[in-house]
1. Over 22 Å, how big is the tail of the calculated P(r) for region 97-202, in percent of all Cα pairs?
2. When N is the residue count of region 3-60, what does its C-alpha Rg come to as a fraction of 2.2 N^0.38 Å?
3. What is the Cα convex hull volume of region 186-302 when expressed per residue in Å³?
4. Percent relative contact order of region 23-67, based on C-alpha pairs within less than 8 angstrom and at least six residues apart?
5. Determine, for 170, 79, 105, the number of other Cβ atoms within 10 Å of each Cβ, and report the residues in order from fewest to most.
6. Which one of 173, 296, 53 has the biggest mean-square fluctuation once the chain is modelled by GNM with Cα springs under 10 Å?
7. Could you compute how fast region 17-126 diffuses translationally, taking Rh as the Kirkwood radius over C-alpha pairs and applying Stokes-Einstein at 37 °C with viscosity 0.692 mPa s? Give it in µm² per second.
8. Could you work out [θ]222 nm for the chain from helices alone, using -39500 (n - 2.57) per DSSP H run of at least four and dividing by all its residues? Round to the nearest 500 deg cm²/dmol.
Ligand code: NAD
Ligand code: UDP
């Protein structure tokens with residue numbers, strides 16, 4: 001139901017100035033929510049929000065690891081605040097741990113006080129370098145807590161644990177989305193993730209930097225499919241963690257060659273050391289999302305990449 005007792009639903013999006021959060025703000029405004037976007041701008045940017053013209057939107061600059069105060073009621077909280085790309089969370093290891101732990105704790109306390117339903121953005125990284133393929137929700141993961149990715153992976157694992165505890169102990173209405181690699185407009189050209197990095201390098205004619213031999217795999221989901229799945233999950237009554245992603249799996253070398261081809265680029269593909277603990281494979285098992293949410297991705301990769309490349313050309317060249 002998009003309207004409650006004749007009032008607008010009031011919805012908080014943490015990390016709303018980031019890549020996924022800003023698309024979520026756009027989507028929620030279209031759905032008729034009054035959206036409060038809270039962000040510290042540590043990795044996000046107000047540029048991502050500049051197309052929002054609605055007066056049903058409020059931006060609050062705030063670090064959610066500090067006490068959060070929101071006036072009035074809240075119906076929903078989408079908790080997306082966290083550095084998310086490997087380059088970002090390695091640059092901000094303590095901030096990443098703090099937002100996953102202290103930030104999530106504050107958000108759950110807020111949800112409890114306001115009797116709001118809360119969805120947290122977890123990640124496929126909870127599976128670490130997986131020994132089960134494709135990854136289903138029953139798999140507990142293979143994470144090195146003291147490896148470079150530990151700051152992100154363990155923060156998200158803690159976030160899942162405390163979210164589950166607030167549901168069980170305090171009856172807070174919780175949802176946990178395990179989000180797999182997502183791509184689309186508003187990714188930063190320098191955030192280090194494979195798709196924006198290769199796209200920028202290819203368009204610039206710079207070397208396309210493949211790590212390792214490029215045989216590691218990922219499965220990429222278009223942002224509009226992801227936001228649709230996240231909204232459906234929030235509106236469902238499903239409490240345990242659920243995978244959201246596109247099972248369309250490719251190797252990183254195939255990705256580099258594909259981007260070089262569709263951009264007609266003269267760039268060379270070069271090989272560099274594989275970062276420590278870089279997962280060798282990743283592909284979501286989305287049977288639960290299909291069955292429980294009636295959701296599956298619709299945008300094919302070629303179409304999604306065409307859109308991203310056009311956007312990169314317009315914004316960065
Ligand atoms: P992003 O870096 O673009 O956005 C994160 C936002 O959170 C930024 O705007 C940042 O400034 C804000 N933020 C960080 N710490 C904060 C704090 N303490 N207080 C307030 N704001 C803070 O990243 P993204 O790709 O949009 O990811 C959003 C969420 O989705 C993250 O929680 C991430 O872990 C999760 N996720 C993303 C992907 C993906 O492929 N993009 C995959 C799995 C999970
Ligand atoms: N990658 C790469 N070159 C780059 C950036 C990334 O080969 O310039 C690889 C990276 O090592 C990983 C894959 O691409 O194996 C996906 O990396 P990304 O940072 O996009 O996401 P994540 O590793 O978090 O899934």
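Here, each number is a calculation from the coordinates, and none is a lab measurement. Everything quoted here is computed from the prediction, not taken from an experiment. A quick note on method: Cβ atoms are made from the backbone with ideal geometry, for glycine too, and the neighbour counts reach across all protein chains shown.
1. 43 percent
2. Here the Cα radius of gyration is 1.06 times the empirical estimate.
3. Looking at region 186-302, the number lands at 113 Å³ per residue.
4. 47 percent
5. 170, 105, 79
6. 53
7. Answer, rounded: 227 µm²/s.
8. That calculation yields -10500 deg cm²/dmol at 222 nm.
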